[in-house]
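The values are calculated or read from the model by the stated rules, or taken from the named source; none is laboratory data. Predicted model, so just to flag it, every value in this text is computed and none were measured. Reconstructed Cβ throughout: ideal geometry from the backbone, glycine too, with neighbour counts over all protein chains shown.
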Amino acid sequence: MASSSLLDFLRILFYKLSGGFGLLGLLLTVFCLIHAIRTRQNFWWYLALFLLPPFGALIYLFAVVMKGQSSSIRFHRPASDTGAMRRRIQELEASLAETDTIAVRSELGQCWLKLENFIQAKQYFESSLQGNFRNDPFILYGLAQACYGNGEFQEALVTLEKTFRNDYRDYLNDRRFLQAKILAELERTQEALDIYANLGNTLLTPEFFCRQALLYKQLGELDKANAFFLTAVRQGEKLSPDELHVAQQWLKTAEMHLATNKK
């Protein structure tokens, strides 16, 4: 009875909304479907969007789209996930042998990227840039990350710049952060610092603050460097155990430079 009453309530609510917001709901659903296809979301999201209009679109909007716009840089999975990632690679390679698709190649690139095998990742991303996907910003972003990991900084920058388009806003903070890191490697220090400044408080990680500190130290601005090193250390106090494990290298770097600068 309770489930029947809930279904009746949802039907009434849907009909009420469809009177004034039918077109808006349709447009929102179409937008979410396009976003889901471009970002290769889980199959269950498509079911939600098709079977629960417009509620599925609203849930998707807040759970995926809004979260993606404000998300910070995504860290690689910890070593304990390596086995699962390799099993997933085996599944994808078996699937690729049967049906060669861009989606499978792109996911393989992402898997190798998370395992920090940048050569393999680059090969799969490059092979995905064909046909209708030859200028796909999501694949280009993956390729730029692989090039950066390989130390091919100029190629990484050129590739990444192709993703900065008016019709692609996903992972925007992540891409800007990568751009700043590449510019720093190319010794375009002030440009990198300008991007960090524009990112403001969107990336509150020890790595974010520590990278800025290192650049200021190169410029000889020790007061600013120490301030950012100290902020990195304080930020580490707010991290969960998993986040702390990922940030350990940057925290050690910050503490070492603070101790050295005092001397």
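Here are some notes:
- Residue satisfying all of: in region 126-148; within 19 Å of the chain's Cα centre (by Cα) and polar (S, T, N, Q); surrounded by the fewest Cβ atoms within 10 Å (Cβ to Cβ) among these: Asn135
- In region 213-251, the qualifying residues are those that are of a type in the set (Lys, Arg) and surrounded by 13 or more Cβ atoms within 10 Å (Cβ to Cβ), and the one that is nearest to Asp81 (Cα to Cα) is Lys217.
- Unmet criterion (only one of (1) over 28 Å from Val64 (Cα atoms); (2) crowded, with 17+ Cβ neighbours inside 10 Å; (3) at pLDDT below 95) for Asp170: (1)
- The set of residues in region 149-167 being part of a loop (DSSP other than H, G, I, E, B) and buried (at least 17 other Cβ atoms within 10 Å of the Cβ) consists of Glu152, Thr163.
- Members of region 203-220 that are part of a loop (DSSP other than H, G, I, E, B) and without any contact (Cβ under 8 Å) to a residue 60 or more places away in the chain: Leu219, Gly220
- Some residue of region 194-202 being out of contact with any Lys or Arg (no Cβ under 8 Å at 6 or more places or on another chain), part of a helix (DSSP H, G or I), crowded, with 17+ Cβ neighbours inside 10 Å and in contact (Cβ under 8 Å) with a residue 12 or more places away in the chain: no
- Residues within region 253-263 that are exposed (fewer than 14 other Cβ atoms within 10 Å of the Cβ) and either within 30 Å of Asp81 (Cα to Cα) or of a type in the set (A, V, I, L, M) (or both), tallied: 2
- Only helices (runs of 4 or more DSSP H) whose full extent lies in region 64-115 are considered here, and the ones with at least 2 residues that are at pLDDT 65 or above, exposed (fewer than 15 other Cβ atoms within 10 Å of the Cβ) and out of contact with any Lys or Arg (no Cβ under 7 Å at 6 or more places or on another chain) are 82-98.
For (1) under 23 Å from Arg176 (Cα atoms); (2) out of contact with any Gly (no Cβ under 7 Å at 6 or more places or on another chain); (3) modelled with pLDDT under 95, each residue gets a yes or a no:
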{"residue": "Ile195", "(1), (2), (3)": "yes, yes, no"}
{"residue": "Leu199", "(1), (2), (3)": "yes, yes, yes"}
{"residue": "Arg234", "(1), (2), (3)": "no, yes, yes"}
{"residue": "Ser240", "(1), (2), (3)": "no, yes, yes"}
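- The single condition among (1) surrounded by fewer than 18 Cβ atoms within 10 Å (Cβ to Cβ); (2) under 25 Å from Leu203 (Cβ atoms) that Ala180 does not meet is (1).
- Ile182 satisfies every condition listed in (1) within 15 Å of the chain's Cα centre (by Cα); (2) aliphatic (A, V, I, L, M); (3) farther than 19 Å from Ala225 by Cβ except (1).
- Cβ separations smaller than 8 Å between residues 6+ apart or across chains give the following pairs from region 240-263 residues that are closer than 23 Å to Lys114 by Cβ and aromatic (Phe, Trp, Tyr) to residues that are at pLDDT 85 or above and not in a helix (DSSP H, G or I): Trp250/Thr205.
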